[in-house]
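Student: This structure is in structure tokens; I'll ask about it shortly.
The values are calculated or read from the model by the stated rules, or taken from the named source; none is laboratory data. As the structure is a prediction and not an experimental result, all values here were calculated from the model. With ideal geometry, Cβ positions are generated from the backbone for all residues, glycine too; neighbour counts draw on all protein chains shown. Surface accessibility is based on the protein's heavy atoms, side chains included, excluding ligands, DNA and RNA. Shrake-Rupley method; radii C 1.70, N 1.55, O 1.52, S 1.80 Å.
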Amino acid sequence: MSWKRGWKRALVISTAVIATLGVAGGVAGFAAYRLGWGPFAPPQADMTIDRAARTATIDAAIDVMERYYVFPATAAEVAKHLRDRMRNGDFDSITSAEALAETLTDRLQKDTGDEHLEVRYFEQPIAELPPGQDQTAEEKADEESTQKRLNYGFETVSRLKSNIGYIDLRAFGRPQYAAAKIAAAMTLVSDTRALIIDLRKCGGGDPETVMLLAGYFFDKPTHLNDIYWRDQNRVERRWTPATVQGTRYGAARKVYVLTGGDTFSAAEDFAYAMKVSGRATIVGAPTQGGGAHPGQPRRLNAHFMMFVPTGQAINPITHTNWQKKGVLPDLPSSERNALNTAQIEILKVVMATDPDPRAREAAKERMSDLD
């Protein structure tokens, strides 16, 4: 299962997997890792394409939309628009593979408002894998290597002044790798008076890891989100786990989540669920992507792949999601000042309630530094 995000809004869609970020028997979710798909991919040479290659790629994209896109009626409209444009010769001047991928991506996103829809060109041929196999051995090794190099999404874990915990999370890595990192991070901040989770540069990741991290902030399993899958016509109920590794933070202490324009997909999933459940205060700028439709990459042909959403997130409290709307902050601030804003809110509580005069004075001094 995977959320997906392009590098424009900062995700590790870089390494090696055609799709699965951890759902049994399926390749679906909120962020797709793919060899050469993302910020750390090596430069690749463009390729000249002729009319036949261009037509075949567009036809394949139309077929994928009609067969898999979460909203069949929308898919039918998009397919009609693309066919009309082909008949009108709107794509006839495109001879660059990169340009075709960019044009199709722009067209798909404009027609649907869905920024998860994306077509990518790959210089190296994309392997056709047998049914049930999601990665080549090379892709799996490359993915594991890159996730390790990126510390499975954890950029910084620290303790700020006045005993405030801080986690800068850049991606929700695969749970089998990220679980130990989450446990270590949560143990390090377990004695802090409040916690700030910085998702301003987090572009997405694995939804199972979203649930895994969220589980540290509740005292019992909590129903946070559902996903409706078109292909199976079923609703997947998503709860936080009953047990966690390391130290549970619990439901009593304040949690603040920082958001901004680069917060997307699985990061929005986490922020939205924590906000709606009343467990966290969202601080910063609204998220811009509004990506609430999980999906997977699908091979169009030897040099093109398309990410297509096949599911729809449904919050059990609001009965809707953040698609197109994004996640709105509870405490609006500029993205740049979000960390200071969250700290000031925590320090106000310290000054008003801490019985230790030394703690109150330290908080006062710190507030003057941040104002």
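Student: How high is the FRET efficiency between residue 140 and residue 237 when r is their beta carbon distance and R₀ equals 35 Å, given to the nearest 0.05?
Tutor: Working from the Cβ atoms, E equals 0.75.
Student: Relative to 2.2 N^0.38 Å, what does the C-alpha radius of gyration of the range 290-371 come to as a ratio? Two decimals please.
Tutor: 1.87
Student: With 30 Å as the limit, write out which pairs from 254/325; 181/220; 80/201 have Cα-Cα distances beyond it, or answer none.
Tutor: 80/201
Student: Quote the FRET efficiency, to the nearest 0.05, computed for residue 56 versus residue 148 with a Förster distance R0 of 35 Å and r equal to the Cβ-Cβ distance.
Tutor: The formula returns an efficiency of 0.40 here.
Student: Moving on. Only four residue types carry charge here, +1 at the Cβ of Lys and Arg and -1 at the Cβ of Asp and Glu. Report the dipole size of the range 209-272 about the Cα centre in Debye, rounded to the nearest 20.
Tutor: 300 debye
Student: If I model the range 257-337 as equal point scatterers sitting on the Cα atoms and use the Debye formula, what is log10 I(q)/I(0) at q = 0.11, 0.21 Å⁻¹?
Tutor: Computed log10 I(q)/I(0) values: -0.33, -0.88.
Student: Heavy atoms of the protein only, probe of 1.4 Å, neighbouring chains included. What is the accessible area of residue 277 in Å², nearest 10?
Tutor: Rounded to the nearest 10, the figure is 40 Å².
Student: Next question, about the same structure. Between residue 155 and residue 364, what is the label-point separation in nm under the 7 Å Cα-to-beta-carbon projection?
Tutor: Placing both labels 7 Å beyond Cα along the Cβ direction yields 3.5 nm.
Student: Antiparallel DSSP bridges in the range 247-360: what percent, to the nearest 5?
Tutor: Here the share of antiparallel DSSP bridges comes out near 50 percent.
Student: Under the 0.36 nm per residue contour assumption, what length would be gained going from the current alpha-carbon distance of residue 301 and residue 92 to full extension?
Tutor: In short, 73.3 nm is gained.
Student: Name the residue farthest towards the positive end of the dipole of the chain from the options 341, 58, 367, assuming +1 on Cβ of Lys and Arg, -1 on Cβ of Asp and Glu, about the Cα centre.
Tutor: 367
Student: Measure nothing fancy, just the Cα-based angle from helix 175-188's long axis to the longest principal axis of the chain, in degrees from 0 to 90, nearest 10.
Tutor: 20 degrees
Student: Using Cα pairs closer than 8 Å and at least 6 residues apart in sequence, work out the relative contact order for the chain, in percent.
Tutor: The value is 20 percent.
Student: What accessible area, in Å² to the nearest ten, does a 1.4 Å probe give for residue 210?
Tutor: 0 Å²
Student: Let me ask something else about it. Return the calculated 222 nm mean residue ellipticity for the chain, to the nearest 500 deg cm²/dmol, obtained by summing -39500 (n - 2.57) across DSSP H runs with n ≥ 4 and dividing by the residue count.
Tutor: -11000 deg cm²/dmol
Student: Right, next: Roughly what % of DSSP beta bridges within the range 70-195 run antiparallel, to the nearest 5?
Tutor: Approximately 75 percent, going by the DSSP bridge assignments.
Student: Enumerate the calculated ³J(HN,Hα) couplings along the range 249-260 in order (Karplus 6.51 cos²θ - 1.76 cosθ + 1.60, θ = phi - 60°), each rounded to whole Hz, writing x wherever the residue is Gly or Pro.
Tutor: 6, x, 9, 8, 7, 5, 10, 10, 10, 8, 10, x
Student: Carbon and sulfur atoms: what percent of the 1.4 Å accessible area of the chain do they account for?
Tutor: 50 percent
Student: Just to check I understand the Karplus step: with θ = phi - 60° and J = 6.51 cos²θ - 1.76 cosθ + 1.60, what whole-Hz values come out for the range 296-303, glycine and proline as x?
Tutor: 7, x, 10, 5, 8, 6, 4, 10
Student: Considering Cα pairs under 8 angstrom that are at least six residues apart, work out the relative contact order of the range 163-316 and quote it in whole percent.
Tutor: After rounding, I find 25 percent.
Student: Under the Karplus relation 6.51 cos²θ - 1.76 cosθ + 1.60, θ = phi - 60°, what is the ordered set of whole-Hz ³J(HN,Hα) values for the range 46-51, x standing for Gly and Pro?
Tutor: 5, 9, 7, 10, 9, 4
Student: Quick check: with the 1.4 Å probe, what order do 239, 229 take by accessible area, largest first?
Tutor: 239, 229
Student: Given Cα pairs under 8 Å that are at least 6 residues apart, what percent is the relative contact order of the range 253-371?
Tutor: 25 percent
Student: Grab the eigenvalues of the alpha-carbon gyration tensor for the range 56-157, scale each by 5, take roots, and send me the semi-axes largest first in whole angstrom.
Tutor: Largest first, the range 56-157 gives 31, 17, 16 Å.
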